[in-house]
Amino acid sequence: MLFRSLVGIECVQVFPEYTKLGTVKRSPGDLLLLAGSKLQVKATANKAMQSVVVRTVGVTNEIAAVVNTANAAESVAEILIPTNALSGFSVHLLDRDGFESRDDAIYRIDILPDKAPVVRITYPDRREELITQRATVLVGFEAFDDFAINKVFLKYRIEGGDEKSVEMILEDTTQRAMRRRYDWKVGAIKPLVPIGSSIEYWIEVQDNNNVTGPGIGSSEHYAAKVVSDEEKRADLMNRVGDYIGNVGDVAKDQETLNKRLGNVILGRPEQK
């Protein structure tokens, strides 16, 4: 014989420890859950239960609930929230007379993924720089995560070779956002990078997700070409010349603008 005796259901989300968010009561009609969380489902029937099973939807699984020995009408089950596929659950009851529930309601679950960190290089300004074999390259960057940044690496490869990395020391691994500069001693790479070689580099950040992660974010890739000291001096002189030229253009434009403004104030016709 079939019967319907589920009279109440309560849901509690247990966030992963790395989030530091603890537990939160959730409405059965609003279950948007972070992947890696646990959902505790407390079911209450109108009579004593022999067994209670939670059946998941999207992921084939049956979870045996623990029936309360002091009050057999109550039971609790725990669902682990994966990264995908799970879309809901139902609660199936069997009472002590051997009668089962029917047309069990399905409670929808939406999964919220833990977003990967976002990182971008803020310095140098140019995507490709000229450096010498013994240069120290200043790399500025900023990174953001929805919970915490756990590790930061400077990644690089020389002339399309194997990927290598330098891990940066973080004194605080609880930060959600950081701005930092790193003095990358290219001259410390052994053997010295040959003149004419190109070094591709970028910043990689890992979050503190130790349940479904870690989430990994990477910046855009930059390049540094190794040149001789003479070539680097010539590059610096050219950049200084460009800067002075830009300053001169700005000054000339400002002078022209001032003359036009003076003519307007004095009512003079503008000379062309």
Fill in the blank from the handout: Diffing region 118-130: the Karplus 3J(HN,Hα) column from phi (6.51, -1.76, 1.60, θ = phi - 60°), in whole Hz with x for Gly and Pro, holds 10, 9, 9, 7, 9, 8, x, 6, 8, 6, 9, 10, 9
Completion exercise
Percent of all Cα-Cα pairs per 5 Å bin for region 101-208, counting from 0 up to the last occupied bin, reads 2, 10, 19, 19, 14, 10, 8, 4, 3, 3, 2, 2, 2, 1, 1, 0
Practice task
At 0.36 nm per residue, minus the direct Cα-Cα distance, what do Ser198 and Val118 gain on full extension? Give it in nm, one decimal, please.
Solution key: 26.2 nm
Exercise for the section: Quick one: pull the percentage of alpha-carbon pairs in region 122-166 with a separation above 15 Å. Expected result: 63
Completion exercise
A student applying the Cα gyration tensor rule (rounded when a/c is under 1.5; otherwise prolate if a/b is larger than b/c, oblate if not) would label region 1-43 prolate
Exercise for the section: Apply 1/(1 + (r/R0)^6) to the Cβ-Cβ distance of Ala177 and Val76, taking R0 = 45 Å, and write down the FRET efficiency to the nearest 0.05. Expected result: 0.75
Handout entry: Of all accessible heavy-atom area on the chain, the percent that carbon and sulfur account for (1.4 Å)
Key = 51
Completion exercise
Spelling it out for Ala148: with amide H atoms placed in the peptide plane at 1.01 Å from N, the residues 5 or more places away or on another chain with amide H under 5 Å from its amide H are Asn208
Practice task
Please give the per residue accessible area of region 1-68, computed with a probe of 1.4 Å over protein heavy atoms only, in Å².
Solution key: 54
Fill in the blank from the handout: In the structure shown, of Lys115/Lys155; Lys20/Lys115; Lys115/Lys185; Lys185/Lys225; Lys20/Lys155; Lys38/Lys151, the pairs separated by more than 24 angstrom at the C-alpha atoms are Lys115/Lys185; Lys20/Lys155; Lys38/Lys151
Completion exercise
Share (percent) of C-alpha pair distances in the chain greater than 29 Å works out to 60
Fill in the blank from the handout: Calc'd 3J(HN,Hα), region 38-49, phi into Karplus 6.51 cos²θ - 1.76 cosθ + 1.60 (θ = phi - 60°), Hz, glycine/Pro = x, comes to 10, 10, 8, 10, 9, 10, 10, 9, 9, 7, 5, 9
Handout entry: Exposed-loop-free span, longest in the chain, where GluC sites (Glu not before Pro) count as exposed if DSSP calls them loop and at most 15 other C-beta atoms lie within 10 Å
Key = 1-158
Fill in the blank from the handout: Note, region 166-176: 3J(HN,Hα) by Karplus (6.51, -1.76, 1.60, θ = phi - 60°), whole Hz, Gly/Pro = x, goes 10, 7, 8, 7, 10, 6, 10, 9, 10, 6, 8
Practice task
Quick one: angle between helix 229-266 and the longest Cα principal axis of the chain, in degrees between 0 and 90, rounded to 10, please.
Solution key: 80
Problem - Volume in Å³ per residue [convex hull over Cα atoms, computed for region 1-141] - result: 162
Fill in the blank from the handout: The rounded separation in angstrom of the Cα centers of region 1-80 and region 191-233 is 48
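The values are calculated or read from the model by the stated rules, or taken from the named source; none is laboratory data. Keep in mind that this is a model prediction, so the values were computed, not measured. Because the Cβ atoms are built from the backbone with ideal geometry, glycine has one as well, and the counts that use them run over all protein chains shown. Accessible surface is based on the protein model in full, side chains and every heavy atom, while ligands, DNA and RNA are left aside. Shrake-Rupley method; radii C 1.70, N 1.55, O 1.52, S 1.80 Å.
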